[in-house]
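K.L.:
Mind looking over this structure? Questions follow.
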Amino acid sequence: MSEPIANTALAEAVNAALATVIDPELRRPITELGMVESVAVDDAGRASLAVLLTISGCPLRETITADATNALLAVPGVAAVDVELKVMTQEQRDALKELLRGQGGQRGIPFNEPGSLTRVYAVASGKGGVGKSSVTVNLACALAAQGLRVGIVDADVYGFSVPGLMGITQQPTRVDDMILPPVAYGVKVISIGMFVSGNQPVAWRGPMLHRALEQFLTDVYFGDLDALFLDLPPGTGDIAISVAQLLPKAEILVVTTPQAAAADVAERAGAIATQTGQKVAGVIENMSYLEMPDGGRMELFGSGGGQVLAERLTATVGAEVPLLGQIPLDIQLREGGDTGVPIVLGQAGTPAAAALSGIAGQLAAKPRGLAGMKLGLQPR
């Protein structure tokens, strides 16, 4: 065991520097997570740091080493840094899980807790091919870029695509029965695509789909999120029903194209709220038009479908369902999906990115109700 730092000012500066080192998976300071076993600085200014990893094969060990080294080198009086990586004992891992999950480390769906402030959005569509996954990814990244804590559950088990759209190739880290999701662009992401090899298809019946979604919501540690997006498969099948059962407070975002036929099909995806008791947060019209070089617009898929859908759903669910925005066709939106760089980050000045960011801004500005919240107030 290294000797503690005798110089009080230096010790405070070193501890303050280490508190800025964020675990790339848990998104919390390594000092807070109990990952710093010891730190010492000798008379020559060489710092020796021992860091406890959750597992021996931690995929981001090099990131933690580099971040800790850079943080300590910025401290006056530290000339060099040696980082030793160790592995937590089972007792230390249990303590970490209890810290993250709360007293007793009990498993459950944290977004259903009475005090949860997470807004859960289930992104749905009547049929495939309307760009639902691209919309989900870009909305999540736009909110994260605004400083919000965001997660995505790729619930489209048969047609998973979120990891590719986010450029994620890393597998989740397992800490006993807890799964730490990969993070890209500040967004925590989990997908069945992270657990299958190659382009292997997933051929499951309804009960397996329900169990997979339930495990994503109970075993995956997302931490305190401002917003959680679920990229649902098209239609109103097993997953849509499971989401209503597992996350009854989830709000539905319906994605459609301007085409009248597409809006007709998409209405069913939103109208399921009348059976599940969920709220429809709004309609998003994708592929609305193509901007021409002369400044005109070509409406390849017709026009008005999004507004018609919003009006129909308003009448069906008996509450206002707004048209949140219209996203134009943009080749850079497709290119961003192919390269794993969402357009709101890679080409923020384009019309499509502006439309997506505008929709994200509306979601971020929605007030949170206090109904059912524990305010911690005591009568006197």
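The values are calculated or read from the model by the stated rules, or taken from the named source; none is laboratory data. Only a predicted model underlies this, so the values are computations on that prediction, with no experimental measurement involved. Reconstructed Cβ throughout: ideal geometry from the backbone, glycine too, with neighbour counts over all protein chains shown. All accessible areas refer to the heavy atoms of the entire protein, side chains included, with ligands and DNA or RNA removed. Shrake-Rupley method; radii C 1.70, N 1.55, O 1.52, S 1.80 Å.
K.L.:
What pairs can you find where one residue is in the range 74-100 and on the phi < 0 side of the Ramachandran plot, the other is aromatic (Phe, Trp, Tyr) and modelled with pLDDT of 90 or more, and their Cβ atoms are less than 7 Å apart, with a gap of 6+ or different chains?
P.N.:
Hits for this filter: LEU100/TYR221.
K.L.:
To continue, here is another question. Sort out which residues of the range 9-57 are hydrophobic (A, V, I, L, M, F, W, C), modelled with pLDDT under 90, closer than 23 Å to GLN92 by Cα and open to solvent by 20 Å² or more (accessible area, probe 1.4 Å), and write them in order of number.
P.N.:
Selection gives ILE55 alone.
K.L.:
For the condition within 19 Å of VAL137 (Cα to Cα), open to solvent by less than 30 Å² (accessible area, probe 1.4 Å) and touching a Phe, Trp or Tyr at 6+ places or on another chain (Cβ under 8 Å), what is the one hit in LEU228, LEU213, LEU232?
P.N.:
When all the criteria are applied, what remains is LEU228.
K.L.:
Something else about it: Across the range 127-141, what is the number of residues that are on the phi < 0 side of the Ramachandran plot and open to solvent by 10 Å² or more (accessible area, probe 1.4 Å)? Steps first, answer last, please.
P.N.:
Let us first name the residues in the range 127-141 that are on the phi < 0 side of the Ramachandran plot, namely 127-128, 130, 132-141.
Now drop any that are not open to solvent by 10 Å² or more (accessible area, probe 1.4 Å), which leaves 127-128, 132-134.
Residues meeting the conditions: 5.
K.L.:
For the range 152-163, give me the residue count where each residue is surrounded by 18 or more Cβ atoms within 10 Å (Cβ to Cβ) and either assigned to a helix (DSSP H, G or I) or touching a Gly at 6+ places or on another chain (Cβ under 8 Å) (or both).
P.N.:
Count: 5.
K.L.:
Which one is farthest from VAL321 (Cα to Cα), of the residues in the range 237-272 that are hydroxyl-bearing (Ser, Thr, Tyr) and touching a residue at least 60 places away in the same chain (Cβ under 8 Å)?
P.N.:
THR257
K.L.:
Okay, next question. Inside the range 73-126, can you point out the residues that are among the charged types (D, E, K, R) and buried (at least 17 other Cβ atoms within 10 Å of the Cβ)?
P.N.:
Correct list: ARG93, LYS97, ARG119.
K.L.:
Considering (1) open to solvent by 20 Å² or more (accessible area, probe 1.4 Å); (2) among the β-branched types (Val, Ile, Thr); (3) farther than 30 Å from VAL283 by Cβ; (4) touching a helix residue (DSSP H, G or I) at 6+ places or on another chain (Cβ under 8 Å), say which one ILE168 fails and leave the rest.
P.N.:
Every listed condition holds for ILE168 apart from (3).
K.L.:
So, one more: Going by what's in this entry, would GLU3 be described as at pLDDT below 90, assigned to a helix (DSSP H, G or I) and loosely packed, with under 14 Cβ neighbours inside 10 Å? It would help to see each step written out before you state the result.
P.N.:
Values: at pLDDT below 90: yes; assigned to a helix (DSSP H, G or I): no; loosely packed, with under 14 Cβ neighbours inside 10 Å: yes.
Judged against the criteria, GLU3 is not a match.
K.L.:
Can you pull out the residues in the range 341-356 that are in a loop (DSSP other than H, G, I, E, B) and open to solvent by less than 10 Å² (accessible area, probe 1.4 Å)?
P.N.:
PRO342
K.L.:
Condition check: free of Cβ contacts under 8 Å to residues at least 12 places away in the same chain, closer than 30 Å to ALA266 by Cα and open to solvent by 10 Å² or more (accessible area, probe 1.4 Å). Does GLY147 satisfy that?
P.N.:
no
K.L.:
Can you find, within the range 58-72, the residue that is modelled with the highest pLDDT among those that are open to solvent by 60 Å² or more (accessible area, probe 1.4 Å) and of a type outside the set (D, E, K, R)? Walk me through how you get there before you give the answer.
P.N.:
As a first pass, look at the range 58-72 and keep what is open to solvent by 60 Å² or more (accessible area, probe 1.4 Å): 59, 61-62, 67, 70.
Right, trim to of a type outside the set (D, E, K, R) and you get 59, 70.
Numbers: PRO59: 76, ASN70: 95.
Residue satisfying both the conditions and the ranking: ASN70.
K.L.:
Restrict the check to the range 180-193 and report whether at least one residue is surrounded by fewer than 24 Cβ atoms within 10 Å (Cβ to Cβ), touching a strand residue (DSSP E or B) at 6+ places or on another chain (Cβ under 8 Å), in a strand (DSSP E or B) and among the aliphatic types (A, V, I, L, M).
P.N.:
yes
K.L.:
Filter the range 326-340 down to the residues that are over 19 Å from PRO293 (Cα atoms), crowded, with 17+ Cβ neighbours inside 10 Å and at pLDDT below 95 and list them by number.
P.N.:
Across the range 326-340, the qualifying residues are GLY336, GLY337, GLY340.
K.L.:
Here are some residues: ALA142, ALA124, ALA155. Which one is over 23 Å from PRO29 (Cα atoms) and in contact with a Ser or Thr (Cβ under 6 Å, 6 or more places away or on another chain)?
P.N.:
ALA142
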